[in-house]
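Each remark here refers to the structure printed beneath this line.
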Amino acid sequence: DYAFAGAVTSVRQRFVNELRFQVARRDQEVRSLDPACGGPCLGPEQGGPALEIVGVARVGRHNFTPQRRNSVRYQVLDTVSLERGRHLLKAGADLNLVDNRDISLPLNFGGQFFFVALSPNLAASFGLPGPVSAIQAFALGLPVAYVQGFGHPFTQNRFFDAALFVQDEWRLKDTLTLRLGLRYQKQSWGENQKSANFDAGPRAAISWDPIGNGRTNIAAAYGLFFDGQFNAPISPARIADSEDVRVAAFQGGLAVQAWRSPGRRLPQTVLSSAPSLSLAVSSRFDVPYTHQYSVT
């Protein structure tokens, strides 16, 4: 990882301009530890499967690893301040371009088996008497479901994050100050993928010294704040799209067949013919937001 950053500040009478910029790279890799890999799993096809004995334990390879995250962020932030009488005016812009050069999501590439307690009727379908606990189902090699991902779990993308703000700090009296502001923010991932409601957030605050001796202060503030989405959930949806990465799920007999197959996985012909789970995000979606209030 590396980062280059700098700042330039200009002052002229009652005008101040602060310009900041940075170029930062993140190169991160998250790997599974799996005995089948003899240590860390380096490739998406290595290791597995994962076993989930529902209500008891989960062991084996993690569902989403190994993951590669390689990105470079370019950021420019400029803020200007101007003092006019009893007003301190501020405005600024914060522009970010994040170049995701390498993203991966090997969703269930190691495979995953689910073992649950079997009711008498379900146990009878396997030719067993009475109920069977989840541990006993595991010992007998009778999973109720099996999930397997395969394909090309790598992609690249860019997202753009822009924010603009204005603020007026107005000293109505020496003992009373009012602050009003508005922040506008938008994120875009290209291909017409944008946040629908990630835009204007008003801010307001008031500060009052009722006695005027500087020893007591009453303040109140309000703001509307939006959360940032960044790569979640856009990148996973673009990878697990039923084309680049397919995730097939099986129940009953095929799950048992997978458990008994070489490498604990079904042949590619069976996997390819099964319907695939896919992740999807609306081209315009609402992001979380909060109304924040405070009185002190």
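Beta carbons closer than 9 Å, at least 6 apart along the sequence or on distinct chains, pair a first residue in the stretch 181-193 that is closer than 19 Å to Gln167 by Cα and modelled with pLDDT of 80 or more with a second that is open to solvent by 20 Å² or more (accessible area, probe 1.4 Å) and not in a strand (DSSP E or B) for Tyr184/Asp199; Gln185/Asp199; Gln185/Gly228; Lys186/Asp199.
Can you tell me which residue in the stretch 9-37 is surrounded by the most Cβ atoms within 10 Å (Cβ to Cβ), limited to those that are assigned to a strand (DSSP E or B), of a type outside the set (D, E, K, R) and without any contact (Cβ under 8 Å) to a residue 12 or more places away in the chain? Result: Leu33. In the stretch 258-270, the residues that are closer than 13 Å to Phe113 by Cα and touching a residue at least 24 places away in the same chain (Cβ under 8 Å) form Cβ pairs under 9 Å with partners that are open to solvent by 70 Å² or more (accessible area, probe 1.4 Å) and not in a loop (DSSP other than H, G, I, E, B), at six or more places apart or across chains, as follows: Ala258/Arg264; Leu266/Gln257. Out of the residues in the stretch 242-271 meeting the condition of being open to solvent by 60 Å² or more (accessible area, probe 1.4 Å) and small (Gly, Ala, Ser), tell me which one is nearest to Gly60 (Cα to Cα). Only one residue tops the list, namely Gly263. Condition first: open to solvent by 30 Å² or more (accessible area, probe 1.4 Å) and among the hydrophobic types (A, V, I, L, M, F, W, C). Can you find one or more residues in the stretch 60-75 that meet it? Within the stretch 60-75 (the criterion being open to solvent by 30 Å² or more (accessible area, probe 1.4 Å) and among the hydrophobic types (A, V, I, L, M, F, W, C)), the answer is yes, since at least one residue qualifies.
Could you tell me whether Ala123 is over 30 Å from Ala5 (Cα atoms) and touching a Lys or Arg at 6+ places or on another chain (Cβ under 7 Å)? The answer is no for Ala123.
For the stretch 29-58, the set of residues classified as hydrophobic (A, V, I, L, M, F, W, C), more than 22 Å from Ile103 (Cα to Cα) and modelled with pLDDT of 85 or more consists of Ala50, Leu51, Ile53, Val54, Val56, Ala57, listed by residue number.
Screening the stretch 273-296 for residues that are surrounded by 13 or more Cβ atoms within 10 Å (Cβ to Cβ) and polar (S, T, N, Q) and picking the one that is modelled with the highest pLDDT gives Ser276. Taking the conditions exactly as written (of a type outside the set (Lys, Arg) and open to solvent by 30 Å² or more (accessible area, probe 1.4 Å)), does Leu89 satisfy them or not? So Leu89 passes the test. Residues that are crowded, with 17+ Cβ neighbours inside 10 Å and in contact with a helix residue (DSSP H, G or I) (Cβ under 6 Å, 6 or more places away or on another chain) within the stretch 41-59 comprise Gln46, Gly47, Pro49, Ile53, listed in sequence order. State whether the residues of the stretch 50-73 include one that is within 23 Å of the chain's Cα centre (by Cα) and among the acidic types (Asp, Glu). No, the stretch 50-73 contains no residue that is within 23 Å of the chain's Cα centre (by Cα) and among the acidic types (Asp, Glu). In the set Ala137, Ala145, only one residue is buried (at least 17 other Cβ atoms within 10 Å of the Cβ) and in contact with a helix residue (DSSP H, G or I) (Cβ under 6 Å, 6 or more places away or on another chain); that residue is Ala145.
The values are calculated or read from the model by the stated rules, or taken from the named source; none is laboratory data. These numbers were taken from a predicted model, which means no experiment stands behind them. Glycine gets a Cβ as well: all are built from the backbone with ideal geometry, and neighbour counts include every protein chain shown. Protein only, heavy atoms only, side chains kept; ligands, DNA and RNA dropped before computing areas. Shrake-Rupley method; radii C 1.70, N 1.55, O 1.52, S 1.80 Å.
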